[in-house]
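Any read-out appearing in this document is the output of simple, stated calculations on the displayed coordinates, not a laboratory observation. What you see is a predicted model; the values in this text were computed from it and never measured. We place every Cβ from the backbone using ideal geometry, glycine too, and count neighbours over all the protein chains shown.
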Amino acid sequence: MTTTSTPTTTAVALRGVSRGYGRGATAVRAVDDVDVEFRRGTWTAVMGPSGSGKSTLLHLAAGLERADSGRVLLGDTDITAASDNELTALRRTRIGFVFQSFNLIGSLSAEQNVALPLRLARRRPGRAQVRQALDDVGLGDRARHRPRELSGGQQQRVAIARAMVTAPEVLFADEPTGALDSTAARTVLDLLRAMADRGQSIVMVTHDPAAAARADGVLFLRDGRLVDHLAGASAREVADRLVALER
Ligand SMILES: Nc1ncnc2c1ncn2[C@@H]1O[C@H](COP(=O)(O)OP(=O)(O)OP(=O)(O)O)[C@@H](O)[C@H]1O
């Protein structure tokens, strides 16, 4: 793993990155020679037909999966050659990840879930820090609740607080509103918008054009390749572009 001291406006960059699965007749190039830069302080949505490589791209950018070829840069750090231990440390401190299914631990309260990444990074979780993270997502009064005592939207906000408690450079979200009704989805998207407006870098996979339209820009993938980009587009424009790709 190498780190340079050059100042950068790039939160994450993929350079010529490919990742395949399987062999022979069943081989798939899930991500195929992708070059992309996610700028600091911006929210980018990643869209594309089913199987186009969106989740794989997100996992590669977050260091959850390794590229077969190419380079992945987190800020100034080339994570391509990082050891497993280095990658684990990076994921615990510099990256936040939110899943469609929240992935909260059912036996722990909201505040215990939020404190978990600090414990894993062997940092003593300060109560004030944990409460602040819950306050930031509007759930300061739900700290003692267990996940089953919270609505889906509230659970996803706890998951966002958990991802943010270490102040990660980039928040990755894989279908964060996929399991929510439209009202809860809007609350989560409002929260992500406010975070991006305060300078948080966010990369989000979504199938929902209305969700993608809240981001600053939308990337479109097809067959593992980046094929289009929209900035400041409406939900209608995003939907039209997606339909054109699915033809
Ligand atoms: N672990 C794996 N083993 C084998 N093939 C995989 C694996 N993960 C992904 N793939 C394949 O790689 C391609 C891209 O998958 P990926 O999940 O990244 O697509 P996606 O755009 O996120 O799809 P969806 O919108 O359906 O979630 C698909 O053809 C998929 O079947």
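For the chain, DSSP calls about 55 percent of its internal beta bridges antiparallel. Rounded to the nearest 0.05, the FRET efficiency derived from the C-beta distance between D135 and T183 at R0 = 25 Å is 0.70.
Per the Kirkwood treatment, what hydrodynamic radius in Å, one decimal, follows for the chain from the mean inverse distance over all distinct Cα pairs? Working shown, then result.
On the way: mean 1/r = 0.0541 Å⁻¹.
The answer is 18.5 Å.
Mean sequence separation of contacting Cα pairs (under 8 Å, at least six apart), scaled by the length of region 6-118, corresponds to a relative contact order of 26 percent. Amide H contacts of A173 (H built 1.01 Å from N, in plane; Pro and chain starts excluded): V98, V203, M204, V205 sit under 5 Å, all sequence-distant by 5 or more or on other chains. For region 168-247, the Kirkwood estimate of hydrodynamic radius, built from reciprocal distances between every pair of different alpha carbons, is 13.2 Å. Converting phi to 3J(HN,Hα) with the Karplus coefficients 6.51, -1.76 and 1.60 and the offset θ = phi - 60°, region 76-83 yields 8, 9, 7, 8, 4, 9, 5, 6 Hz in sequence order, with x at every glycine or proline.
Dividing the convex hull volume of the alpha carbon atoms of region 22-130 by its residue count, what do you get in Å³ per residue?
Convex hull of Cα atoms, per residue: 165 Å³.
Phi angles across region 234-245 convert, under the Karplus curve 6.51 cos²θ - 1.76 cosθ + 1.60 with θ = phi - 60°, into 3J(HN,Hα) values of 7, 4, 4, 5, 5, 4, 4, 5, 5, 4, 4, 6 Hz, Gly and Pro given as x. For the chain, the longest principal axis of the Cα atoms and the long axis of helix 110-120 meet at an angle of about 60 degrees.
In this calculation the C-beta distance from R23 to A235 is compared with R0 = 45 Å, giving a FRET efficiency of 0.65.
Taking all Cα pairs closer than 8 Å and separated by 6 or more residues, the relative contact order of region 47-192 comes to 28 percent. Comparing R39, R19, R119 in a Gaussian network model of the chain where C-alpha atoms under 10 Å apart are linked, the largest mean-square fluctuation is found at R119.
Relative contact order for the chain: 27 percent, from Cα pairs under 8 Å spaced at least 6 residues apart, divided by residue count. Rounded to the nearest Hz, the phi-derived 3J(HN,Hα) couplings of region 158-172 under the Karplus curve 6.51 cos²θ - 1.76 cosθ + 1.60 (θ = phi - 60°) are 5, 4, 5, 4, 4, 5, 8, 5, 8, 6, x, 5, 9, 9, 9, where x marks glycine and proline.
First measure r as the distance between the Cβ atoms of R123 and D197, then evaluate 1/(1 + (r/R0)^6) with R0 = 30 Å and state the FRET efficiency to the nearest 0.05.
Working: r = 27 Å, r/R0 = 0.91.
That gives a FRET efficiency of 0.65.
Taking amide hydrogens as placed 1.01 Å from N in the peptide plane, the amide H of A30 sits under 5 Å from those of R19, G20, Y21, each at least 5 positions away in sequence or on another chain.
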